[in-house]
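K.L.:
Next up is a structure, given as structure tokens.
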Amino acid sequence: MQTRRSFLKFGAGAAAIGAFAPLAVNAQSSDIKWDETHEVVIVGSGFAGLAAAVEAGKLGAKDIVVFEKLGVYGGNSTLNAGQACFADTDLQRKLGIKDSAELMVKDQLASGRGYANEALLRHSAKLGPYIYQLTKDCGCVYRDHIINTGGTSATRSHQVVERSGAGFIRPMLKTARSYGVKTKIRHKFEGLITAADGSVLGIKVRKGYHTDHENSGKLINVKAEKGVLIATGGFAANVAFRQALDPTLGDEVGHTNARGATGDGLIAMLAEGAMPIHLSFIQSGPWASPDEGGYGAGFSLYNFPHSIAIDRNTGERFMNETADRKHRADLEIQRRDKDGKPNPALLIAPKHEAQKDPSMENVLRYNVAWEFDSVEAIAKHFELPLQPLKKQIDDWNKYVKAGDDPQFGKRMNMSTGIYLTAPFIVQRLWPKVHYCQGGIQINTKAEVIAAKNGKPIPNLYAAGEVSGGVHGVSRLGGCSTPDCLAFGVTAARSMMKA
């Protein structure tokens with residue numbers, strides 16, 4: 001007779017982690033009425049899920065299904081800026097950039113501040129060339145330009161021409177379907193179905209689900225013959241959950257994620273005894289703006305290397321504009337007025353360089369940034385001290401000429417010859433929750449680790465942001481995409497070997 005554990009009702013109002021109730025049906029396989037059976041079951045259609053689907057197809061899987069709870073494919077991955085850090089690629093060599101997987105791992109370990117998992121980082125970095133080629137084989141087209149992201153010692157963030165995660169998602173989805181992969185939207189993952197020994201038999205899914213209607217659709221049981229991959233992303237959209245972990249991340253701080261990033265898969269695996277790791281390590285994006293409603297990264301990402309970030313109270317710089325994300329976000333959120341209210345910093349860029357990136361036209365059109373003909377106009381509009389601002393700009397131009405930043409130690413090779421002169425393009429900066437470094441623990445086979453014994457939970461795999469411990473305290477920009485892709489591919493390989 002099938003026995004059921006109570007299901008946790010999880011959503012934006014979820015309480016603290018200690019209140020978890022089990023989210024699985026525990027039974028023998030013969031006791032369950034299976035509505036569907038598939039060889040490989042993937043939950044989530046972002047980078048990790050689609051990479052797994054493509055790789056499983058390449059390896060000969062005949063029956064693969066991808067479930068997506070939203071009404072469109074791609075989830076949070078579509079909101080990505082279309083960037084992925086790869087080391088020692090043909091494009092880097094063409095542009096004269098010297099890089100290696102070892103150097104990439106070294107940079108990530110430094111950013112992780114002693115908490116990053118070197119084995120997982122190394123696994124991902126070494127898979128980089130394969131992943132880079134895999135995406136190109138799927139039809140992804142990269143720009144003939146590589147972006148310098150903060151905290152790196154080499155320029156390595158490759159960007160697709162769409163400058164959006166959709167530039168990865170659409171070609172990968174098409175390729176997955178060419179292998180016969182079944183893709184299903186409006187199918188919300190509700191929990192794992194496990195055997196008495198803890199091994200995963202399949203999942204419970206709400207078919208015909210509509211967002212904000214938690215009881216919509218019909219519950220079905222889906223059997224997985226080779227395994228289940230959970231690739232459901234993080235929990236940045238769940239304010240109550242993240243604030244329970246970090247009290248500073250309340251409503252005052254927005255997020256860049258899709259509305260579906262509420263932690264469903266994470267909660268289900270934790271309830272089944274998966275090892276939690278680094279849940280309170282939640283990263284905010286320092287390139288975000290309070291004047292737009294979502295990601296808003298393109299303009300600042302392009303311009304940080306040759307622009308300056310100004311504190312409106314002082315008219316002076318307050319940080320290295322290309323330091324790692326945590327360093328910058330922590331400093332940005334400290335920019336306050338005398339009453340303690342947010343007083344967002346300003347990113348001041350020279351138009352002669354900013355206009356080389358397509359994002360400038362859009363940020364001006366939608367009032368996310370503004371153009372000014374003089375320093376005086378900036379000071380007047382934003383009510384900041386004029387003389388300190390003038391001196392700061394003069395000092396910055398001296399740093400550019402000398403190729404050295406004695407003020408904050410910024411790497412100046414991306415600023416060579418780019419002087420800060422009028423007209424200026426100015427964007428306000430205020431961090432938004434962007435990425436959850438914490439999640440459940442996996443190994444280099446993408447297997448989910450059990451808390452009770454430190455061993456893999458049979459037939460359960462995880463990849464992407466739902467997994468934790470990879471990046472440590474802070475993740476470097478452009479390093480989530482290759483991580484998701486690499487462990488999606490790894491999960492597929494593990495399942496097909498099992």
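The values are calculated or read from the model by the stated rules, or taken from the named source; none is laboratory data. Owing to the predicted nature of the structure, the values given are computational and were not obtained by experimental measurement. Here the Cβ is made from the backbone with ideal geometry for all residues, glycine too, and neighbour counts use every protein chain on show.
K.L.:
Scan the strands (runs of 3 or more DSSP E) fully inside segment 141-184 and keep the ones with 3 or more residues being out of contact with any Cys (no Cβ under 7 Å at 6 or more places or on another chain) and assigned by TED's automatic domain parsing to the domain that holds Val205. Break it down stepwise before answering.
P.N.:
Details: elements: 142-147, 157-160, 182-184.
Counting at least 3 such residues, we get 182-184.
K.L.:
Still on this structure: Among all residue pairs at least 6 apart or on different chains, which show Cβ distances below 7 Å where the first residue, located in segment 457-485, is without any contact (Cβ under 8 Å) to a residue 40 or more places away in the chain and the second is of a type in the set (Gly, Ala, Ser) and crowded, with 24+ Cβ neighbours inside 10 Å?
P.N.:
Ser467/Gly439
K.L.:
Oh, and also: Checking the conditions here, which among Asp212, Asp311, Asp264, Asp246 is out of contact with any strand residue (DSSP E or B) (no Cβ under 9 Å at 6 or more places or on another chain) and not polar (S, T, N, Q)? Walk me through how you get there before you give the answer.
P.N.:
Values: Asp311 fails: out of contact with any strand residue (DSSP E or B) (no Cβ under 9 Å at 6 or more places or on another chain); Asp264 fails: out of contact with any strand residue (DSSP E or B) (no Cβ under 9 Å at 6 or more places or on another chain); Asp246 fails: out of contact with any strand residue (DSSP E or B) (no Cβ under 9 Å at 6 or more places or on another chain).
Only one candidate passes the filter, namely Asp212.
K.L.:
When residues of segment 437-455 are filtered for being crowded, with 20+ Cβ neighbours inside 10 Å and either among the polar types (S, T, N, Q) or not assigned by TED's automatic domain parsing to the domain that holds Asp264 (or both), how many remain?
P.N.:
The qualifying residues number 2.
K.L.:
For Ser284, all conditions in the list (1) modelled with pLDDT of 95 or more; (2) buried (at least 17 other Cβ atoms within 10 Å of the Cβ) hold save one; what is the number of the exception?
P.N.:
Evaluating Ser284 over (1) modelled with pLDDT of 95 or more; (2) buried (at least 17 other Cβ atoms within 10 Å of the Cβ) leaves (1) as the failure.
K.L.:
Here are the criteria: (1) in contact with a strand residue (DSSP E or B) (Cβ under 9 Å, 6 or more places away or on another chain); (2) farther than 26 Å from Arg411 by Cβ; (3) part of a loop (DSSP other than H, G, I, E, B). Tell me which single one Thr135 does not satisfy.
P.N.:
Against the list (1) in contact with a strand residue (DSSP E or B) (Cβ under 9 Å, 6 or more places away or on another chain); (2) farther than 26 Å from Arg411 by Cβ; (3) part of a loop (DSSP other than H, G, I, E, B), Thr135 comes up short only on (3).
K.L.:
Name the one entry in Trp396, Trp430 that is modelled with pLDDT under 95, over 30 Å from Gly128 (Cβ atoms), buried (at least 17 other Cβ atoms within 10 Å of the Cβ) and more than 17 Å from the chain's Cα centre (by Cα). Before you say what the answer is, go through the steps one by one.
P.N.:
Details: Trp396 fails: modelled with pLDDT under 95.
Just one listed residue meets the conditions, Trp430.
K.L.:
Does His123 count as out of contact with any Phe, Trp or Tyr (no Cβ under 7 Å at 6 or more places or on another chain), in a helix (DSSP H, G or I) and not assigned by TED's automatic domain parsing to the domain that holds Gly208? Talk me through it step by step, then tell me what you get.
P.N.:
On the way: out of contact with any Phe, Trp or Tyr (no Cβ under 7 Å at 6 or more places or on another chain): yes; in a helix (DSSP H, G or I): yes; not assigned by TED's automatic domain parsing to the domain that holds Gly208: yes.
Yes, satisfied.
K.L.:
I would also like to ask the following. Restricting attention to segment 448-464, report how many residues are assigned to a strand (DSSP E or B) and touching a Phe, Trp or Tyr at 6+ places or on another chain (Cβ under 6 Å). I'd like the intermediate steps shown before the answer.
P.N.:
Of segment 448-464, the ones assigned to a strand (DSSP E or B) are 448-450, 456-462.
Then drop every residue that is not touching a Phe, Trp or Tyr at 6+ places or on another chain (Cβ under 6 Å), which leaves none.
The qualifying residues number 0.
K.L.:
Within segment 324-335, is there a residue that is over 30 Å from Glu447 (Cα atoms), among the acidic types (Asp, Glu) and surrounded by 22 or more Cβ atoms within 10 Å (Cβ to Cβ)?
P.N.:
Yes, because at least one residue in segment 324-335 is over 30 Å from Glu447 (Cα atoms), among the acidic types (Asp, Glu) and surrounded by 22 or more Cβ atoms within 10 Å (Cβ to Cβ).
K.L.:
Okay, moving on. Collect the residues in segment 356-382 that are surrounded by fewer than 18 Cβ atoms within 10 Å (Cβ to Cβ) and polar (S, T, N, Q), keeping them in residue-number order.
P.N.:
Listed by number, the residues that qualify are Asn362, Asn367, Ser374.
K.L.:
To continue, here is another question. Considering only helices (runs of 4 or more DSSP H) fully contained in segment 307-367, which possess at least 2 residues that are aliphatic (A, V, I, L, M)?
P.N.:
Numbers: elements: 325-332, 351-354, 359-365.
Passing ranges, in order: 325-332, 359-365.
K.L.:
Ala81 is checked against (1) crowded, with 22+ Cβ neighbours inside 10 Å; (2) part of a helix (DSSP H, G or I) and fails just one. What number does that condition carry?
P.N.:
Among (1) crowded, with 22+ Cβ neighbours inside 10 Å; (2) part of a helix (DSSP H, G or I), Ala81 violates only (2).
K.L.:
Restricting the search to segment 188-202, which residues are assigned to a strand (DSSP E or B) and either modelled with pLDDT under 95 or more than 25 Å from the chain's Cα centre (by Cα) (or both)? First the steps, then the outcome.
P.N.:
Kept after step one, since they are assigned to a strand (DSSP E or B), are these residues of segment 188-202: 188-194, 200-202.
The answer is Ile193, Thr194, Val200, Leu201, Gly202.
K.L.:
Here is a follow-up. Is it fair to say Gly488 is modelled with pLDDT under 95 and either of a type outside the set (Asp, Glu) or over 17 Å from Phe47 (Cβ atoms) (or both)?
P.N.:
Values: modelled with pLDDT under 95: no; either of a type outside the set (Asp, Glu) or over 17 Å from Phe47 (Cβ atoms) (or both): yes.
Considered against the rule, which asks whether it is modelled with pLDDT under 95 and either of a type outside the set (Asp, Glu) or over 17 Å from Phe47 (Cβ atoms) (or both), Gly488 comes out as no.
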